[in-house]
1. Among the residues that make up segment A:200-216, is at least one of them without any contact (Cβ under 8 Å) to a residue 60 or more places away in the chain and of a type in the set (Gly, Ala, Ser)?
2. I need the full set of residues from segment B:106-120 which are more than 21 Å from residue A:178 (Cα to Cα) and surrounded by fewer than 21 Cβ atoms within 10 Å (Cβ to Cβ), in order please.
3. Considering each of A:154, A:150, A:174 in turn, give the residue that is among the β-branched types (Val, Ile, Thr), at the interface with chain B (Cβ under 9 Å from one of its Cβ atoms) and more than 27 Å from residue A:119 (Cβ to Cβ).
4. Scan segment A:159-180 and tell me whether some residue there is assigned to a helix (DSSP H, G or I) and in contact with a strand residue (DSSP E or B) (Cβ under 8 Å, 6 or more places away or on another chain).
5. Look through segment A:19-60, keep the residues that are closer than 20 Å to residue A:208 by Cβ and of a type in the set (Ser, Thr, Tyr), and return whichever of them is surrounded by the fewest Cβ atoms within 10 Å (Cβ to Cβ).
6. Among B:243, B:207, B:228, which is the only one that is in contact with a Lys or Arg (Cβ under 8 Å, 6 or more places away or on another chain) and within 28 Å of residue B:152 (Cα to Cα)?
7. Out of (1) buried (at least 18 other Cβ atoms within 10 Å of the Cβ); (2) within 14 Å of chain A (Cβ to nearest Cβ); (3) among the aliphatic types (A, V, I, L, M), what's the single condition that is false for residue B:149?
8. Tally time: how many residues in segment B:122-144 are within 12 Å of chain A (Cβ to nearest Cβ) and in contact (Cβ under 8 Å) with a residue 40 or more places away in the chain?
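The values are calculated or read from the model by the stated rules, or taken from the named source; none is laboratory data. Everything quoted here is computed from the prediction, not taken from an experiment. Note that each Cβ is placed from the backbone with ideal geometry, even for glycine, and that neighbours are counted across all protein chains shown.
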Amino acid sequence: MTMKQVWTIVLNLFGPVATVIAVLAIWKCIEQGWHIPRYLLPTPSEVYAATVANVGALWRNTAATMEIIVFGFVVSVVVAVPLAFLIVTFHFFERLCYPLIIILQFIPKTIVAPLLLVWLGIGVLPKSALVMLMTFFPILLESISGFRLIDKRIFYITQSMGASRAEEFFFVRIPGAMPSIFAGMKTATVYAVTGAITAEFIGSNEGIGYMILQASGDLDMPLTLAAVIASALLGVILSAAMLASEKLLMPWMEHR
Amino acid sequence: MDGTGTTTQATAVAGASIRLEGVTKSFGENMALGPIDVAMEPGEFVTVIGPSGCGKSTTMLIAAGLLAPTAGVVKVDGRVLDRPMTDVGIVFQDHLLLEFRTALSNVLLQQQIRHLPRQQIETRARDLFAQLGLNGAEKRYPRQLSGGMRQRVSIARALVHNPSILLMDEPFGALDAITRTQIRHDLELLWLERRMSVLFITHSIEEAVGLSDRVLVMSQSPGRIVEEIRIDLPRPRPAHLGEYPQFAAHADRIYSIFEKLGVYKFK
């Protein structure tokens, strides 16, 4: 590695590190300057101490939430992408599905959570169902536009090769729609975390949402904030995983 | 070798004959084309030239079996074509490459869909890349290539399976004049070597005269063939066609037909 490369890395790291230090400093100033009681706003070091003291519980609950998210998300993709394809391919299917899709889209999903709990009982199922409901539409809508975006004239070429519909699907449509499908999935990760935590607020005995609810009920602000940070990290991990699989699956794209 | 593909060595040597008999096409009430009759000999290079919107592209799609004519039939080697032709390579004005495949992999799509032997087709693809000046482009994605190179890849894709017929719809229309002249020459050399039948659609008089054995001049919509011009210039033809007095004569003839048809309104 040359000096120049090292310097570039240092410069690139400088921005984020400076921001984190600034946030911590402002936090400390507010707490000192306005004499805000500790039980409302703990110091950064207290949050750190709470994190260290509860690292086992934080990890366990984050893993539980992750499980719900992954399960709901995978089901969402598996249903939304083929449905998008059917909607784009068959006109009658579009007419069939649209009223239902629009109604479902405009029902606030968080309000459905108690219903899901009543219908599906306690456990992974109602929570994953909420994650699925919340991630379904961004994935469906982006996939639809992805399948629509494909230049139809490419099928003149594939037909002249004697391609079957299945070959067209796997060689042209799926890879062609992939960037849009991924765009939908990336938007959906944010909704996925919100959905999982909301479901845990409403009825759960584990997960990061449950932990936040418990800790804030006990007025344990350091632990509450530690759990909030954990939930943010959860989102960061999901986005990073998405970016990594994007690079792997779509080497032709310009990745930023 | 596995022979599941539609292309066999026997048909690869020379082209197929194509006949369009009394072909018309209407879109709703609108008569867009014809009736037209075209008879192409095996291995012949035929160009259709005409003003925009005269139905040239429609003619090509019908010849490819990708669009059903309203009336009339297309015959390939005497057999009526009632489905998309497969012993064919097609090049459009837009390269229509798959953005998610590298240049070489775009060409090898032919091999994958036609279930042709991989080794053999890959060797042919690499030869075509060399002939088309695409060395080093194999692993690049379409967006990393210039417009001219993309169109060259598109031509390689149309020829890698040695089809008897090559259909080209304004293939150089989106390229700059210098690239166009070079790629025209490269195509001529490939054709001289393979002798597939070529149906070439253009609105450029220079391309028509520079490439063809025969030029069919089409009128405005509904397009009909109003004149047939045999071009008997020696091959390969030079970059600057003005060297031949016959070139000027052929070009003059096409201009005067267009003027008579009212395509050109010069005062």
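1. yes
2. Those that are more than 21 Å from residue A:178 (Cα to Cα) and surrounded by fewer than 21 Cβ atoms within 10 Å (Cβ to Cβ): B:114, B:115, B:117, B:118, B:119, B:120.
3. Details: A:150 fails: at the interface with chain B (Cβ under 9 Å from one of its Cβ atoms); A:174 fails: at the interface with chain B (Cβ under 9 Å from one of its Cβ atoms).
So the residue among A:154, A:150, A:174 that is among the β-branched types (Val, Ile, Thr), at the interface with chain B (Cβ under 9 Å from one of its Cβ atoms) and more than 27 Å from residue A:119 (Cβ to Cβ) is A:154.
4. We begin by selecting, within segment A:159-180, every residue assigned to a helix (DSSP H, G or I); these are A:159-160, A:165-180.
From the residues that got through so far, the ones that are in contact with a strand residue (DSSP E or B) (Cβ under 8 Å, 6 or more places away or on another chain) too are A:160.
Within segment A:159-180 (the criterion being assigned to a helix (DSSP H, G or I) and in contact with a strand residue (DSSP E or B) (Cβ under 8 Å, 6 or more places away or on another chain)), the answer is yes, since at least one residue qualifies.
5. The selected residue is A:48.
6. Working: B:243 fails: in contact with a Lys or Arg (Cβ under 8 Å, 6 or more places away or on another chain); B:228 fails: within 28 Å of residue B:152 (Cα to Cα).
So the residue among B:243, B:207, B:228 that is in contact with a Lys or Arg (Cβ under 8 Å, 6 or more places away or on another chain) and within 28 Å of residue B:152 (Cα to Cα) is B:207.
7. With respect to (1) buried (at least 18 other Cβ atoms within 10 Å of the Cβ); (2) within 14 Å of chain A (Cβ to nearest Cβ); (3) among the aliphatic types (A, V, I, L, M), residue B:149 is out only on (2).
8. Residues of segment B:122-144 that are within 12 Å of chain A (Cβ to nearest Cβ), as a first pass: B:139-144.
This time we only want the ones that are in contact (Cβ under 8 Å) with a residue 40 or more places away in the chain, so: B:141-143.
Final tally of qualifying residues: 3.
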